Structures are given as C-alpha cells and as structure tokens.
Amino acid sequence: MASTQSTGKQILGEAEIARSLVRIAHEIVERNRGVDDVLLLGIPSGGVPLARRLASALATAVGADRREVPVGTLDITMYRDDLGRHPIRVPQPTLIPGGTLEGRTVILVDDVLYSGRTIRAALDALGSIGRAAAVQLAVLVDRGHRELPIRADYVGKNLPTSRTEKVVVSLTELGADADAVTIAGGNEEAR
C-alpha cells in the first residue's frame, strides 16, 4: 500500500529498499539461469514501480550489454474476492509486453504479501490471459498471516506482524516524499 505520509516505526528506508531489490535481482538471475525469457508484471499500485526498479536492478546484474527485462502491469480488480467489502477500485490497464505469456517466466511483483488473496486474484487474471511457462512471486515485504497456500519466491524483508498492525510501503513514484516501509499499530483494515 502506498502513501505520501506514514506514521509509525520505519522498518526499511530508501537504501534498504534498494539493497533488497538488488538482492532479489541476483536471486532471480541465479534461479532462472539468466533473464532471457523473464517478464515482470507489477500489481497496481505498489508493485508497478517496484517491478520497474527490479528491471533496472536485473539489467545491472546481468550486464550492460543485455536488454532490460520487459515490465508490464497486471490489473486484478475484477478477480478480487473482496469487491463487496471495500470501496470500488478503478480498474487499471493490464499491459503484457510482447502480447503473450507463452514460453515466458512471469514474475509477479507486489509490495506486501499478507493473506495471499491478492496473489490468488493475480493468478486468476494471468490464467485468463494465457499460459506462462512458469510463474514466480517477488515481494518487498512478507508480513505473514496467510489465508491461502501461497508463498513468495523472492522476499525483500520478512516482517512478522500482528493482524492489527498495518504495513505501509511509501514510494516516490506514487507521491511519497521518500521511500520507506513503516509499521503502524492497530487498524481494522490492516495490510
């Protein structure tokens, strides 16, 4: 969840977020033996700028002579199972670079992994588009409390939380003054 201002305890600052993305990039290169068939899909809103940053980190990790990993967006609005409980979200465009998932390793990128329901919706959305060779998940923060059997392949920070705490990811691309991950106490709509 992105925010322009956040109160609470800062867990990650700009430098730690950047280091986490560099580490994740190296893990992706190692696991996939390069990035030739890799496609990054950011989940709006926080996952989109993180996917772009991750693409830059991947380009650096594999060397300047390589092209940058393609980055797209995957809107999951109509695949969510909580549409009746939350305010209506405005659907964002889904953009698949190259127009197909066939033969590609899709890495879904999101800011916070919590219950797993967002990722379940993302998998449903992907299935309606096509069939990827493989699907992996990269998240900046894994806060636990899964309600579905979903886990991230790449994690910037494991952050044990209570269900009443809220994790806020603030990114400059989304209007924040500075990049930060903070944790705040008690909120019924924790993320």
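The values are calculated or read from the model by the stated rules, or taken from the named source; none is laboratory data. All values reported here derive from a predicted model rather than from experimental measurement. Cβ placement follows ideal geometry from the backbone for every residue including glycine, while neighbour counts extend to all protein chains displayed. Side chains included, ligands, DNA and RNA excluded: accessible areas come from the protein's heavy atoms. Shrake-Rupley method; radii C 1.70, N 1.55, O 1.52, S 1.80 Å.
A few remarks follow.
- In the stretch 1-34, the residue that is most open to solvent (accessible area, probe 1.4 Å) out of those that are at pLDDT 95 or above and closer than 26 Å to ASP75 by Cβ is ASN32.
- Subset of the stretch 29-48 (residues that are within 14 Å of LEU140 (Cα to Cα) and of a type in the set (Gly, Ala, Ser)): GLY42, SER45, GLY46, GLY47
- Listing of strands (runs of 3 or more DSSP E) fully contained in the stretch 77-164 that carry 2 or more residues being in contact with a Phe, Trp or Tyr (Cβ under 8 Å, 6 or more places away or on another chain) and among the aliphatic types (A, V, I, L, M): 134-142
- ALA178 vs. criteria more than 26 Å from ARG104 (Cβ to Cβ), surrounded by fewer than 16 Cβ atoms within 10 Å (Cβ to Cβ) and of a type in the set (Gly, Ala, Ser): yes
- Tally, over the stretch 92-121, of residues that are closer than 12 Å to PRO44 by Cα and surrounded by fewer than 20 Cβ atoms within 10 Å (Cβ to Cβ): 4
- Set ARG143, ARG120: member being basic (Lys, Arg) and under 23 Å from GLY8 (Cβ atoms): ARG143
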